[in-house]
There are 2 protein chains.
Amino acid sequence: ASAVALAEAEQRQAQLTKPPGSLGALEVLANRLSAMAGRCPAPIPEPAVIGLFAGDHGVCAQGVSPWPQEVTASMVMNIAGGGAAINALARQVGASLLVTDVGVATDHPAHPAIRNRVVARGTHDFTVEPAMTRDEARAALAVGIEAAEEAIAGGARCLLTGEMGIGNTTPASALIAVFTRTRPALVTGRGAGADDQMLSVKTQVIERGLKLHQPQTDDPLGTLAAIGGLEHAALAGFILAGAAHRVPVVLDGVIACSAACVAAAFAPAVRDYLVSGHAGAEPGIRTALAHLGLQPLVDLGMRLGEGSGAAVALPMVQAAARIMAEMATFAEAGIEAGS
Amino acid sequence: ASAVALAEAEQRQAQLTKPPGSLGALEVLANRLSAMAGRCPAPIPEPAVIGLFAGDHGVCAQGVSPWPQEVTASMVMNIAGGGAAINALARQVGASLLVTDVGVATDHPAHPAIRNRVVARGTHDFTVEPAMTRDEARAALAVGIEAAEEAIAGGARCLLTGEMGIGNTTPASALIAVFTRTRPALVTGRGAGADDQMLSVKTQVIERGLKLHQPQTDDPLGTLAAIGGLEHAALAGFILAGAAHRVPVVLDGVIACSAACVAAAFAPAVRDYLVSGHAGAEPGIRTALAHLGLQPLVDLGMRLGEGSGAAVALPMVQAAARIMAEMATFAEAGIEAGS
């Protein structure tokens, strides 16, 4: 990111017709967007594309989710048909959805709204063996990179992360535990509805996985392969490619945060291009965001995933840039700045 | 608001393709919107109109703002010209602005984007005499009612509060102190940039006003006249009329919260039609929201006013309704609900 553009943005904020600092987090964000774009004012981050990646998880065999694995395929079809929460949210905020099957285990019909990039039909149970091979993890990363580059080539100027995968908060918490060097119990939550008993199982499952594979922070590909997920890998690629093209990437919840930790382990500079949309209920989110140096824009107590936490924040990201681009200065408005 | 529609909405939330409660505050809000509309799903609250009322304040003579009074007129012209933060925000979220001069003290050119409904050219200094006569307060209330009814007749299905008035956080804090029965020191803040010394002056000014006029909570018109502002009165009318037409009213910051306290003193049922957009830095906001039984949707640390805190929240209000209206049920998606 550009320190020159950042300084220029900070100077410009002080000239706009408002008390200094009175737009709070929107000012900080507008300045960051300028640094990302390397110019002030930054272009308004639109159109926006939600890259939604779906996959299944062998670790579901351990009883880490109240939902049967088949729901991943059903929800992918629901999303393709426009009936999920993310569809309504995307329509509301003017974002388009790019849905990719990177590893759904259950058969589902082909659909024009689903890109078929299946690397494997679900991961393996990481309490028994690595979730993926290194080659599979690499292929899933490439799926995410391809999606981001396709979106950007199509005009996208803002990327949002989305996902669907029954059981995918378990590998997400495992990844966050590794990359933030935090005990699993502190970064494991209830996902889509685990009760106390299931939460305890999730935590133990992650502890067993970490003990078995001994994943290392300086080997992000190996860690991803050992304890991650196909959609987590795709999202890490999506994030890396967005940042490489200097396009802001708005993170959703705990899956996106875990993928961002992986991406940051590959290339620490990706942090500069990340925006946290929504805090969410999963404890791993706060830990991951602290590791990434990010503050969430909103906290509506959501815990859905799909990209919902990124979508609700998108209008704020665009508003931050629009304010910088379109507001008059004190000089233009003929006002003497206050003390 | 309709208890039947509320119950219907709560039942419908449980059938939509998401874990129960996973959309957090958006679910609560969607249910409230159904109660407001008296039907489930509620209509999506669009188009939205920001009712922005401008006025000046005699109490500025006491040194309660770092900005000269003339800035009110300059900023009204800036808003009319499209150069203020609220203009950029309104464009971003697809809301239109209805700007009314209800009491600006300084001469300014007529402008097609400014409705001239001047009741008085600023209030009097409430440390010396009542800010307004009862007839002026009543006339300013009527200006707000007229604006809301004009917006609704024009198709508005969501109203947002906005304001501009140098010094107007002082009467806002005074009104909140009265209606929430709280000591002024606890509900008085820095407004658009008061330093410690000025904050102390503001608090003392409010204490003097309350001692002089002894405003009563069971006389909202008299209280408004004694220590309020013309734009505060207009906003109270705007809120009352929106609620009377069962249209949701999204509140901005401390000025809007103080007007909502006035409106609730006239008619407690208005609470059911209010949505708090943004928490904000002014201490009076939290106190007023607690009194009104409202939770803010976001907190970006903004302290600008103009309607900015309502505008940033508007897409969330619309998203809440859209989710309820457009999401598929588990039955429609062929999914068995999880445990």
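The C-beta contact set for region B:143-158 (first residue on the phi > 0 side of the Ramachandran plot, second residue not in a helix (DSSP H, G or I), distance under 8 angstrom, 6+ apart or interchain) comprises B:GLY155/B:PRO47. State whether the residues of region B:283-290 include one that is open to solvent by 10 Å² or more (accessible area, probe 1.4 Å), in contact with a Leu (Cβ under 8 Å, 6 or more places away or on another chain) and of a type outside the set (D, E, K, R). Yes, the conditions are met somewhere in region B:283-290. Applying the criterion of being assigned to a loop (DSSP other than H, G, I, E, B) and surrounded by 21 or more Cβ atoms within 10 Å (Cβ to Cβ) to the residues of region B:83-104, the residue that is nearest to the other protein chains (Cβ to nearest Cβ) is B:ALA84. When each of B:ALA225, B:ALA236 is tested for being surrounded by 19 or more Cβ atoms within 10 Å (Cβ to Cβ), in a helix (DSSP H, G or I) and either modelled with pLDDT under 95 or under 14 Å from the mean Cα position of the chain (by Cα) (or both), the lone residue that passes is B:ALA236. Any residue at all in region B:329-337 that's of a type outside the set (Lys, Arg), under 20 Å from B:ALA9 (Cα atoms) and facing chain A (nearest Cβ under 7 Å)? Yes; the residues of region B:329-337 include at least one that is of a type outside the set (Lys, Arg), under 20 Å from B:ALA9 (Cα atoms) and facing chain A (nearest Cβ under 7 Å).
Residues that are of a type in the set (Val, Ile, Thr) and open to solvent by 10 Å² or more (accessible area, probe 1.4 Å) within region A:158-182 comprise A:ILE166, A:THR169, A:VAL178, A:THR180, A:THR182, listed in sequence order. Among the residues of region A:183-208, the one identified as within 14 Å of chain B (Cβ to nearest Cβ), charged (D, E, K, R) and crowded, with 16+ Cβ neighbours inside 10 Å is A:ARG190. Filtering region A:293-334 to residues that are among the hydroxyl-bearing types (Ser, Thr, Tyr) and more than 13 Å from the chain's Cα centre (by Cα) leaves only A:THR329.
Scanning region B:105-143 for residues that are under 14 Å from B:ALA236 (Cβ atoms), β-branched (Val, Ile, Thr) and surrounded by fewer than 20 Cβ atoms within 10 Å (Cβ to Cβ) turns up nothing.
Checking B:VAL247, B:VAL270 one by one, the residue that is outside any helix (DSSP H, G or I), surrounded by fewer than 24 Cβ atoms within 10 Å (Cβ to Cβ) and more than 13 Å from every other protein chain (Cβ to nearest Cβ) is B:VAL247 and no other. A count restricted to region A:30-80 and to residues that are within 13 Å of chain B (Cβ to nearest Cβ), of a type in the set (A, V, I, L, M, F, W, C) and more than 30 Å from A:ALA120 (Cβ to Cβ) stands at 2. Of all residue pairs spaced 6 or more apart or on separate chains, those with beta-carbon atoms under 7 Å, a first member in region B:296-311 that is more than 8 Å from chain A (Cβ to nearest Cβ) and a second member that is among the acidic types (Asp, Glu) and in a loop (DSSP other than H, G, I, E, B) are B:GLY305/B:ASP252; B:GLY307/B:ASP252; B:GLY309/B:ASP252; B:ALA310/B:ASP252.
The values are calculated or read from the model by the stated rules, or taken from the named source; none is laboratory data. Bear in mind that the values here come from a model prediction, so they are computed numbers and not experimental data. Methodologically, a virtual Cβ is constructed for each residue, glycine included, from the backbone with ideal geometry; neighbour enumeration extends over all protein chains shown. Keep in mind that these areas ignore ligands, DNA and RNA; they rest on the heavy atoms of the full protein, side chains included. Shrake-Rupley method; radii C 1.70, N 1.55, O 1.52, S 1.80 Å.
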